[in-house]
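A quick write-up on the structure given underneath.
The values are calculated or read from the model by the stated rules, or taken from the named source; none is laboratory data. A quick note: this is a predicted structure, and the numbers were derived from the prediction, not measured. We place every Cβ from the backbone using ideal geometry, glycine too, and count neighbours over all the protein chains shown. Each accessible area value is taken on the protein alone, full model and side chains, heavy atoms only, with ligands, DNA and RNA left out. Shrake-Rupley method; radii C 1.70, N 1.55, O 1.52, S 1.80 Å.
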Amino acid sequence: KHSDEAVDGVRAVLRIFIVFALVTPFWSLFDQKASTWIVQANDMVHPTYEILGYSFSFVPAQMQALNPLLVMLLIPFNNFALFPLLRLIGIEPTALRRMGAGIFISALSWLVIGTIQVVMDGGTPVSMAWQILPYALLTLGEVLVSATGLEFAYSQAPASMKGTIMSLWYLAVTVGNEVELTVMRVAYFLNPFRPDP
């Protein structure tokens, strides 16, 4: 009943959807930077910086500005320095390798943020500036996963299915966001020290 092209298009979408399903947990963890990491930063030392005679400090929510700044720096760095260097030493940064590396690097950001929390729980004051490292790792992971995932999916999908692929990508992101939100809600209600509403 259907043409070979239509059947092949559906098969391509199903293969890509499997990759997208693996990216969903990445988005659940990625979005913790806008919730859990800010909660952590509230309990950190907020250093004051002085530039040209002006003193300023960052509040925890302003750490979020690191993400778009680092994205704008890391994309050109990857394209003009990192990927050519990898090719030079004989490693081809294929789409799936970049995505795998992105997920691994993002996991490292969680090890760093967890280590910071362990140090804080031990009673040692920690500067909020220490969060720059996990933000940098997480953003590098985001650049490798997000941009590469879209590029991979768009290149693998037939022309007639590109819109479907984009909708599946956004579905994967949405499911990841919903998982993060659900975990935060459950953690809030299970917290015996939560403030009364």
Exercise. Can you give the angle from 0 to 90° between the axis of helix 95-121 and the longest principal axis of the chain, with both taken from C-alpha atoms, to the nearest 10?
Worked result: 20
Exercise. Mean projection of the alpha-carbon convex hull of the stretch 71-136 over all orientations, in nm²?
Worked result: 5.4
Exercise. Taking only the alpha-carbon positions of the chain and ignoring solvent, what does the Debye formula give for the base-10 log of I(q)/I(0) at q = 0.14, 0.18, 0.19 Å⁻¹?
Worked result: -0.93, -1.27, -1.34
Exercise. Cα-based Rg (one decimal) and Dmax (whole number) for the stretch 34-77, in Å?
Worked result: 13.0, 34
Exercise. Under a Cβ-Cβ cut-off of 12 Å, what is the net charge of the residues other than R11 that fall near it, where Lys and Arg count +1 and Asp and Glu count -1?
Worked result: -2
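Under a Cβ-only charge scheme (Lys and Arg +1, Asp and Glu -1), can you give me the dipole magnitude of the chain about the Cα centre, in debye to the nearest 20?
Values: 10 positive and 13 negative charges, 75 e Å.
So the magnitude is around 360 debye.
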Problem set entry | Interchain or long-range residues, amide H under 5 Å from V45's placed H | V126, S127, M128
Problem set entry | Leading residue at positive end of dipole, the chain (Cβ point charges), from L111, I16, A187 | I16
Problem set entry | Cα-based helix-to-principal-axis angle, 162-190 vs the chain, degrees rounded to 10 | 30
Exercise. If you take the Cα atoms of the stretch 141-197, find Rg, then find the Kirkwood Rh from the mean of 1/r over all pairs, what is Rg/Rh?
Worked result: 1.26
For this session: Quick one: order L29, L138, L150 from most to least accessible surface, probe 1.4 Å.
Result: L29, L150, L138
